[in-house]
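Scroll down for the structure; my scribbles are underneath it.
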Amino acid sequence: MGASSPGPSLGVVLGNTVSGGRSAGVATGVGHGIGVGIYATLAVAGLAVVITTAPTLFVGFQVAAALFLAWLGVQMLRPGQTADETGGPDAARCSPRQGFIEGFLIAFLNPKIAVFFLALFSQFVDPQASVIEKLGMGFMAGFIDLAWYVAVALAIAGTGIGAWLQARARTFDIIMGTILLAVAVALGGRLLIS
């Protein structure tokens, strides 16, 4: 349920799928799943406690996350559409490599994911669990997240929805860029207040 909830991650996967096609969207989902898997594994191993008990580190992650979201928002708002030889919109603005990096960073720079998994796994993780069991739980969480976002990218790129969004890519970029900037400003404002 956490993976499927709408938020900046979904916006980045959708945006990269629209601007870069199926491969960029899938790469974004894979990067996000790996970032989530790392946090889930750290949470199971108990290392996420360090983030929650080290306020400076936690605030540093929050600042980095707000800056990254702002950067993504600005990139989406910048007029970057070029024309290819046929005069149509260039659908390869986002490369798979760029999508992977953005997907990974939007997950990895969100320390709330670590706190979420720490709270979730603390309810049923056996302290005596083997390393294999702990790694399996982290892998499972990352795989579920990866599978969800890859499925979203494939569904969007493989249907008329993708073509419809592609035809409105600039409008979609402006909407998503504005949302990402608003989230970044809200995060920054909350950090300044606290």
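Values for this structure:
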{"item": "Table column - 3J(HN,Hα) (Hz), the range 153-160, Karplus curve with 6.51, -1.76, 1.60, x for Gly and Pro", "result": "4, 5, 5, 6, 6, x, 10, x"}
{"item": "Cβ-derived FRET efficiency at R0 30 Å, Ala54 paired with Thr178, nearest 0.05", "result": "0.35"}
{"item": "Cβ-Cβ FRET estimate between Gln128 and Val63, R0 fixed at 41 Å, reported to 0.05", "result": "0.65"}
{"item": "Cys94 long-range amide H proximity, modeled H, under 5 Å", "result": "Gly20"}
{"item": "Rough spin-label spacing in nm, given labels placed 7 Å along Cα→Cβ, for Arg170 and Leu77", "result": "1.7"}
{"item": "Length gained when the stretch Ile161-Ser95 is fully extended (0.36 nm per residue, less Cα-Cα span)", "result": "21.7 nm"}
{"item": "Theoretical FRET efficiency, 1/(1+(r/R0)^6), r = Cβ-Cβ of Leu192 and Met140, R0 30 Å, to 0.05", "result": "0.20"}
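Taken together, the values in this text are just the output of simple stated rules run on the coordinates, not laboratory data. Remember, predicted model here, so these are calculated numbers, not experimental data. A quick note on method: Cβ atoms are made from the backbone with ideal geometry, for glycine too, and the neighbour counts reach across all protein chains shown.
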